Amino acid sequence: MDERTFDRSGQHASVVGLGTWQLGADWGDVDDKEALTVLETAAESGVTFFDTADAYGDGRSEQTIATFLSGRPDLHVLVATKMGRRVDQIPENYVLDNFRAWNDRSRRNLGVDRVDLVQLHCPPTPVYSMDEVFDALDTLVEEERVAAYGVSVETCQEALTAIARPGVASVQIILNPFRMKPLREVLPAARAAGVGIIARVPLASGLLSGKYTRETVFPENDHRTYNRHGESFDVGETFSGVDWATGVEAAAEFAALAPEGYTPAQLALRWIIEQPGVTTVIPGARSPEQARANASAARLPEPPGETMAAIRDLYDRRIKDQVESRW
């Protein structure tokens with residue numbers, strides 16, 4: 001699989017990575033054995049970038065990755081984790097002592113002396129403008145606790161503020177055919193600055209797979225049930241912030257645009273890969289079959305121009321007004 005570079009850190013990632021939120025929590029129950037099989041299938045399919053967080057299953061996702069990689073010393077996988085969502089979301093918690101403690105825990109969970117890439121996990125907006133926060137992150141690099149750092153953001157403005165920080169190696173942001181606003185300013189600014197873009201929620205929480213109808217019911221411990229209106233965290237993380245009724249109808253239109261040889265999910269992933277400035281896209285997977293299908297999107301040809309134009313038209317007609325004013 002092709003790899004792209006985080007220019008500021010010199011690190012490399014497969015164009016399709018693996019998001020491991022599903023392997024920790026919030027997407028229904030996941031069996032430990034199947035979680036390891038998902039990691040194995042992704043790696044065998046050419047994935048060299050795993051994204052996790054200390055909050056996913058309260059460390060379970062990090063630990064699962066560590067278990068898998070300990071048995072595969074032949075693999076070279078860049079592991080990115082995130083920190084900050086296990087405490088009250090106030091700027092005062094984003095200080096060096098806490099960063100060290102959170103990093104110590106992640107290093108134990110991952111079984112490493114130095115984390116490849118650590119990201120602030122969608123912190124409160126004022127954090128992006130606090131010099132002392134980025135001084136503290138620089139200290140983690142100087143102490144060789146982390147090789148590089150980045151941020152995971154909710155809004156385009158947060159992304160632009162972070163990109164202006166010289167030590168930021170990556171910005172993780174929601175980007176998919178139902179969330180196009182980052183294309184206007186964020187991706188061009190990141191390219192100019194040499195900041196990598198990690199595209200998350202690429203399938204709009206599964207909407208863009210085309211599998212769901214208005215009657216679909218998710219488990220109670222799945223965020224697509226309990227966070228549908230932003231009850232637990234930013235509603236933009238669930239279905240990209242698109243309301244359920246609109247989302248399933250628009251997703252059916254999107255599925256009909258898939259060219260021969262593409263599934264709707266692969267079309268969504270390939271659309272993201274084609275956006276200038278994207279370093280890697282991180283779909284999750286709950287089964288080996290999903291992991292393999294997602295990775296195979298990297299080997300599909302660029303969708304035809306008329307398909308790309310139709311995707312844009314669908315967004316402008318059905319989605320844009322719901323999401324662009326919020327994120």
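Would you mind telling me the share, in percent, of accessible area of the range 3-324 contributed by carbon and sulfur at probe 1.4 angstrom?
Looking at the range 3-324 in its full context, I get 47 percent from C and S.
Let me check the size of the range 117-213 from its C-alpha atoms; what are the radius of gyration and Dmax in Å?
Answer for the range 117-213, Rg first and Dmax second: 14.5, 50 Å.
With unit charges on the beta carbon (Lys/Arg positive, Asp/Glu negative), name the residue among ILE197, TYR212, ALA285 whose Cα is farthest towards the positive pole of the charge dipole of the chain.
Going by the Cα projections, it comes out as TYR212.
To the nearest 10 square angstrom, what accessible area does GLU289 show with a 1.4 Å probe?
Its heavy atoms expose roughly 120 Å² to the probe.
Within the range 298-327, find all residues whose amide N lies under 11 Å from a label point positioned 7 Å from the Cα of LEU183 along Cα-to-beta-carbon.
308-316
With runs of 4+ DSSP H residues as the only contributors, calculate the mean residue ellipticity of the chain at 222 nm using -39,500 (n - 2.57) per run, divided by the residue total and rounded to the nearest 500.
Numbers: 12 runs with 116 residues, N = 327.
Only helices count here, giving -10500 deg cm²/dmol.
With the contact rule set at Cα under 8 Å and sequence spacing of 6 or more, what percent relative contact order holds for the range 3-324?
22
Helix 96-110 sits at what angle to the longest principal axis of the chain, using alpha carbons and giving 0 to 90 degrees rounded to 10?
Helix 96-110 sits roughly 70 degrees off the main axis of the chain.
Counting other Cβ atoms within 10 Å, keep those with at most 10, restrict to DSSP loop, and tell me which GluC sites (Glu not before Pro) in the range 113-148 are left.
GLU144
How many lysine pairs does the chain hold where the Cα atoms are under 27 Å apart and the two sit 8 or more places apart or on different chains?
So the count works out to 6.
Suppose every Lys and Arg Cβ carries +1 and every Asp and Glu Cβ carries -1, with no other charges. What dipole size does the range 164-304 come out with about its Cα centre, to the nearest 20 debye?
I would put it at about 440 debye.
What does the accessible area per residue of the chain come to in Å², with a 1.4 Å probe and no ligands, DNA or RNA counted?
Accessible area per residue, the chain: 40 Å².
Determine the principal axes of the Cα atoms in the range 3-115, then give the extent along each, sorted from largest to smallest and rounded to whole angstroms.
Largest first, the range 3-115 extends 42, 37, 22 Å along its Cα principal axes.
Return the Cα extents of the chain along principal axes one, two and three, sorted largest first, each rounded to a whole Å.
Sorted from largest, the Cα extents of the chain read 51, 41, 38 Å.
Just ALA55, ALA258, ALA159 to compare: in a GNM of the chain, with alpha carbon springs under 10 Å, which one fluctuates most?
Top of the fluctuation ranking is ALA258.
The values are calculated or read from the model by the stated rules, or taken from the named source; none is laboratory data. Since this is a predicted model, take the numbers as computed values, not measurements. We place every Cβ from the backbone using ideal geometry, glycine too, and count neighbours over all the protein chains shown. Just the protein is used for accessible areas: all its heavy atoms, side chains included, with ligands, DNA and RNA removed. Shrake-Rupley method; radii C 1.70, N 1.55, O 1.52, S 1.80 Å.
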